[in-house]
């Protein structure tokens, strides 16, 4: 097996085992534990030792990991940060979700994030997330994932909607109700209860989501493409983690950040627009004995890479791209620019990252929006509200962003790992 094949297989395994942000963080916690990292708790005092490796999570859906250099003199240190996000657009299952109609039991769901809705029709789906339950008077949480084809949102036949291919506005409340069963006794909570090993009557609440069951795959005449659910942003989350773990630590403090709720604006306690990162860095600096001024000096020398996938030129909609800056799959890491600062890259930060790519021996390319099309934003500019450091926005080129099944280039994953490894190894 070629090295790149092993990288892709490991990425696919991570995606398959991470149907929600909760599962992604649980899997990363396990990976970090196997690599000698110690878990800290926000609700307990921290014990930090020079040369130690640590991580802390919030809400079970966001995580920050860092390595402490043996020399913790604030005059010689800074933070090298890489941020990605754990969530992807989906449908969240409402409370009391079962609805009966036309002899079927359906589930009542609502949209999470800005997604392409049409591809969710006629696709095998299931349910995953977390439940909160009463365990002898104590509230506990447990992750669940129904690992079988459980649901489908059936399309309306062309015979009953002759204009379906002429443009159709989807009624989210009416049309996006996945079918669970023909049995009137069918209960999603009963299925969840059996899978979790928790009595149904003890389940107090849940954060459950639909997820696509289509397996990741390599494809193309030369297997140059990969397709999978949730590539935005689990591809960057996993690849940047591999670079973080592979880096030979230098003088700076490497920090791996995985935030939640980017797809709905990041304004939660576990999102990039929260105090999670600032709380973590401030506590760390205190444990290292830095004064408030020394912490701010360290921040002034720090740098962040915001890693969230980027739009490639679409083969059937090439006119939608910028006429000059046109990222392609397998063209290397994408550096993203926006004059309105929806992306934080500027001349200084992008130049720094271009040099990182050259040192790593990987290609890079440029993304700017077509001037007639409004772009999105990502983690970089949002996180700056709380931890203001120089930042560059990057990603891997992909098609069908925010679809339940997305496509990227097979070669780009290894490029991201190499570049992030080189970034964390860079001297400050």
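Values quoted throughout were computed directly from the atomic coordinates according to the rules given, and no laboratory measurement underlies them. Not measured: the values here are computed from a predicted model. Every residue, glycine as well, gets a Cβ built from its backbone with ideal geometry; the counts of neighbours run over all protein chains shown.
Which percent, nearest 5, of DSSP beta bridges in the chain are antiparallel?
Bridges in the chain are about 70 percent antiparallel.
I need to check one value: relative contact order of the range 1-149, counting alpha carbon pairs closer than 8 Å and at least 6 residues apart, in percent. Present the calculation step by step, with values, prior to reporting the outcome.
Working: 163 pairs, mean separation 24.7, N = 149.
Reported relative contact order: 17 percent.
What ranking do 130, 269, 326, 148 get, fewest neighbouring Cβ atoms within 10 angstrom at the top? If you can, show how the numbers build up before the last one.
On the way: 130 24, 269 14, 326 18, 148 10.
Exposure proxy ranking, most exposed first: 148, 269, 326, 130.
Does the range 75-140 come out rounded, prolate or oblate, given a ≥ b ≥ c as the square roots of the eigenvalues of its C-alpha gyration tensor, rounded meaning a/c under 1.5 and, failing that, prolate meaning a/b above b/c? All intermediate terms of the calculation are to be shown ahead of the outcome.
Working: a/c = 4.17, a/b = 1.54, b/c = 2.71.
Oblate, since a/c reaches 1.5 and b/c is not below a/b.
Once you wrap a convex hull around the alpha carbon atoms of the chain, what is its projected area averaged over all directions, in nm²?
Working: hull surface 90.9 nm².
In nm², the orientation-averaged hull projection of the chain is 22.7.
So what are the radius of gyration and Dmax for the Cα set of the range 271-385, in Å?
Spelled out, the Cα radius of gyration and Dmax of the range 271-385 are 17.2, 57 Å.
Does the range 272-323 come out rounded, prolate or oblate by the C-alpha gyration tensor, with a ≥ b ≥ c the root eigenvalues, rounded set by a/c under 1.5 and, if not, prolate when a/b is larger than b/c and oblate if not?
Since a/c reaches 1.5 and a/b is larger than b/c, the shape of the range 272-323 is classed as prolate.
Just check the range 126-271 against the gyration tensor rule for me: Cα atoms, a ≥ b ≥ c as the square roots of the eigenvalues, rounded for a/c under 1.5, and otherwise prolate or oblate depending on whether a/b exceeds b/c.
Oblate shape, in that a/c is at least 1.5 and b/c is the bigger or equal ratio.
Assuming R0 = 30 Å, can you tell me the calculated FRET efficiency for the pair residue 317 and residue 16, based on Cβ-Cβ distance, to the nearest 0.05?
0.50
What is the order of 160, 115, fewest Cβ neighbours within 10 Å to most?
Lowest to highest Cβ neighbour count: 160, 115.
Relative contact order for the range 192-235 using alpha-carbon pairs under 8 Å, separation at least 6, rounded to a whole percent?
Once normalised by length, the contact order is 23 percent.
At 222 nm, what value in deg cm²/dmol follows for the chain if DSSP H runs of at least 4 each add -39500 (n - 2.57) and the sum is divided by all its residues, to the nearest 500?
It comes out at -8000 deg cm²/dmol, rounded to the nearest 500.
How high is the relative contact order of the range 90-212, in percent, counting Cα pairs under 8 Å that sit 6 or more residues apart?
40
On a C-alpha basis, how far is the centre of the range 4-35 from the centre of the range 286-315 in Å? Whole number, if you could?
Cα centroid to Cα centroid, the span is 24 Å.
What are the semi-axes of the equivalent ellipsoid for the range 90-212, taken as the square roots of 5 times the Cα gyration tensor eigenvalues, largest first, in whole Å? Intermediate values should be presented prior to the final figure.
On the way: eigenvalues 182, 45, 26 Å².
One finds semi-axes of 30, 15, 11 Å for the range 90-212.
How long, wide and thick is the range 319-408, going by the Cα atoms along their three principal axes, in whole angstroms, largest first?
Largest first, the range 319-408 extends 33, 31, 27 Å along its Cα principal axes.
What number results when the radius of gyration of the range 1-155, computed over Cα atoms, is divided by 2.2 N^0.38 Å?
That ratio works out to 1.36.
May I have the extent of the alpha carbons of the range 49-106 along their three principal axes, as whole Å values ordered from largest to smallest?
Its Cα atoms span 69, 19, 12 Å along the three principal axes.
Order these by the 10 Å Cβ neighbour count, fewest first: 80, 304.
Ordered from fewest to most neighbouring Cβ atoms within 10 Å, 80, 304 come out as 304, 80.
Per 0.36 nm of contour for each residue apart, how much would the distance between residue 165 and residue 222 grow if the chain were fully extended, relative to their Cα-Cα spacing?
Details: separation 57, 0.36 × 57 = 20.52 nm, distance 3.24 nm.
In short, 17.3 nm is gained.
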